[in-house]
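Working notes, beginning with the structure itself.
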Amino acid sequence: MNPDELNRRGALRLAAGAALVSATAGCASTQATAAAKRPLAFKDPVWNRDISARLEANADPKKFVYGLASGVVAGVRDGEKLRPLMRFEVFSTIRVVRQADDSYQRLCREVVFYRNLETGLLMDEWDNPYTGERVKVVDVANDPYNYVISDHFPQPPSYGGLNKETRPKRPFIRNWSLLDADTVGLESDIHLYYPSAMQPEQWPRESPGKMTRVSEMFRYIIRRSDLEDASLGHIPYHGVWNRVTPWLPWMLMDQAPGHIIYTGTMASHETLDFHPKDVIERVKARYPKYLVAPEQVEGPSLSSLERYAHDQKPAAPRVKKP
């Protein structure tokens, strides 16, 4: 056999070997991609549990996620249109830790600051347009606010025993919807009505009355490809957060009829790159430990209203002008 023929056959063998290696690598890559993809299972409580933990935080307990929300606080009174009062900024750090029964303990700290509508500056004082009174702004500082994520819905929060409502045990199947080929929506609402932590006899200026009515409505927007990617420790999202609640206690509304509503956008991030710089600086100055999510349960979970009653003192009676 002449040298040219030997060279030609050698080249063919090399080409065939390269093709086999390429095909094998392609097959391995396809298998790895398939292994990392987890199909949507909206009606599976275990899928809902695991996905919810990865939405809230990171499946790796050594990591945590920063949450943010920003929007407008408006006043609601009979006989008039809603009145924008101020803006708000939410900053939170959230971690989840898997338990022996495969549930996840959610561990969270969160703060809320308020901005002046006109100047955009974070406020320490506010002029109440309803009363004409200048009042001290009190930050929301919830440490902690925790619950367990399992394959069954949790019971409503007890808020230190004030809320006695219980519900039958039911599988953790959440309200999902396909918005388009690669966009998934999630609705999550809670509606509560329970005795106020600030009863009128002791808190005449701050109290909403004998009972507290609170609702929170979350709307998550998530990429389908992220939900199906089993390699992601945290599943990022964007969405909308609304809260209906009594007048903020520091507004000193003297039990006047009406309430407020928060309306804002929300998101999750694994860095601080997208948080407002003045918010981060205020957290560092006032609540430095909130920059890191808790690693274990450290106390009872209270809402901002119960926390206010725990941390503050009743205001002095309002001095009425003659």
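The values are calculated or read from the model by the stated rules, or taken from the named source; none is laboratory data. What you see is a predicted model, and the numbers here were worked out from it, not measured in a lab. In this analysis, Cβ positions are derived from the backbone assuming ideal geometry, glycine residues included, and neighbour counts consider all displayed protein chains. Keep in mind that these areas ignore ligands, DNA and RNA; they rest on the heavy atoms of the full protein, side chains included. Shrake-Rupley method; radii C 1.70, N 1.55, O 1.52, S 1.80 Å.
Details
- Between the listed residues Ser92, Asn128, Val140, the Cα displaced farthest toward the positive end of the dipole of the range 72-148, a dipole computed from Cβ unit charges relative to the Cα centre, is found at Ser92.
- For the range 170-239, a simple Cβ point-charge model (Lys and Arg +1, Asp and Glu -1, everything else neutral) yields a dipole of about 320 debye relative to the Cα centre.
- Value of relative contact order over the chain, rounded to a whole percent, pairs C-alpha under 8 Å and six or more apart: 21 percent
- Between the amide H of Met86 and those of Val73, distances stay under 5 Å, these residues lying 5 or more places away or on another chain, with hydrogens modeled in the peptide plane.
- Radius of gyration over Kirkwood radius for the range 32-79, both on Cα atoms: the Rg/Rh ratio is 1.25.
- A viscosity of 1.567 mPa s and a temperature of 4 °C, combined with the Kirkwood radius over Cα pairs in Stokes-Einstein, give a translational diffusion coefficient for the range 28-162 of 70 µm²/s.
- Ordering Val65, Tyr287, Met217 by the projection of their Cα atoms onto the charge dipole of the chain, which places +1 on the Cβ of Lys and Arg and -1 on the Cβ of Asp and Glu, puts Met217 at the extreme positive end.
- Converting phi to 3J(HN,Hα) with the Karplus coefficients 6.51, -1.76 and 1.60 and the offset θ = phi - 60°, the range 63-68 yields 10, 9, 10, 8, x, 9 Hz in sequence order, with x at every glycine or proline.
- Both numbers refer to the Cα atoms of the range 197-287; Rg and Dmax are 18.6, 55 Å.
- P(r) tail for the range 135-250: Cα pairs beyond 23 Å make up 46% of the total.
- Net charge of neighbours whose Cβ lies under 13 Å from the Cβ of Leu40, counting Lys and Arg as +1 and Asp and Glu as -1: 0
- Accessible surface, 1.4 Å probe, highest first, among residues Phe42, Phe274: Phe274, Phe42
- The sum of -39500 (n - 2.57) across all DSSP H runs of n ≥ 4, divided by the residue count of the chain, sets its helix-only mean residue ellipticity at 222 nm to -7000 deg cm²/dmol.
- Under Karplus coefficients 6.51, -1.76 and 1.60, residue-wise ³J(HN,Hα) of the range 156-173 in Hz, glycine/proline x: x, x, 8, 6, x, x, 6, 8, 9, 5, 10, 10, x, 5, 9, x, 7, 10
- List Glu206, Glu110, ordered by accessible area with a 1.4 Å probe, largest first: Glu110, Glu206
- Farthest positive-ward along the range 174-322 dipole, Cα basis, beta-carbon charges - from Trp250, His234, Ala315: Ala315
- Quarter of the Cα convex hull surface for the range 53-127, i.e. its orientation-mean projected area (nm²): 7.6 nm²
- Summed side-chain charge close to Phe218 - residues other than Phe218 whose Cβ falls under 9 Å, Lys, Arg +1, Asp, Glu -1: -2
- Reach of Lys289 by Cα under 16 Å, taken over aspartates and glutamates that are not fewer than 8 positions away in the same chain: Glu110, Asp139, Asp143, Glu281, Glu298
- Exceeding the 27 Å Cα-Cα cut-off - candidates Lys277/Lys313; Lys37/Lys63; Lys169/Lys210: Lys277/Lys313; Lys169/Lys210
- Residues whose amide H comes within less than 5 Å of that of Asp229, counting only those at least five positions distant or on another chain, are Arg38 (H built at 1.01 Å from N in the peptide plane).
- Estimated vicinal HN-Hα couplings, Hz - the range 73-78 in sequence order (Karplus 6.51, -1.76, 1.60; Gly, Pro = x): 9, 10, x, 10, 9, 4
- Inverse mean reciprocal Cα-Cα distance (Kirkwood Rh) of the range 253-322, Å: 16.7 Å
- Note on Arg83: accessible area is roughly 90 Å² with a 1.4 Å probe, heavy atoms of protein only.
- For the range 48-197: accessible area per residue (Å², 1.4 Å): 47 Å²
- Taking Cα centre as origin and charging only the Cβ of basic (Lys, Arg, +1) and acidic (Asp, Glu, -1) residues, the dipole magnitude of the range 31-82 rounds to 220 debye.
- The ellipsoid equivalent to the alpha-carbon distribution of the range 119-172 has semi-axes of 38, 14, 11 angstrom, derived from the gyration tensor eigenvalues as √(5λ) and listed largest first.
- Within the chain: Cβ-based charge dipole about Cα centre, in debye rounded to nearest 20 (Lys, Arg +1; Asp, Glu -1): 300 debye
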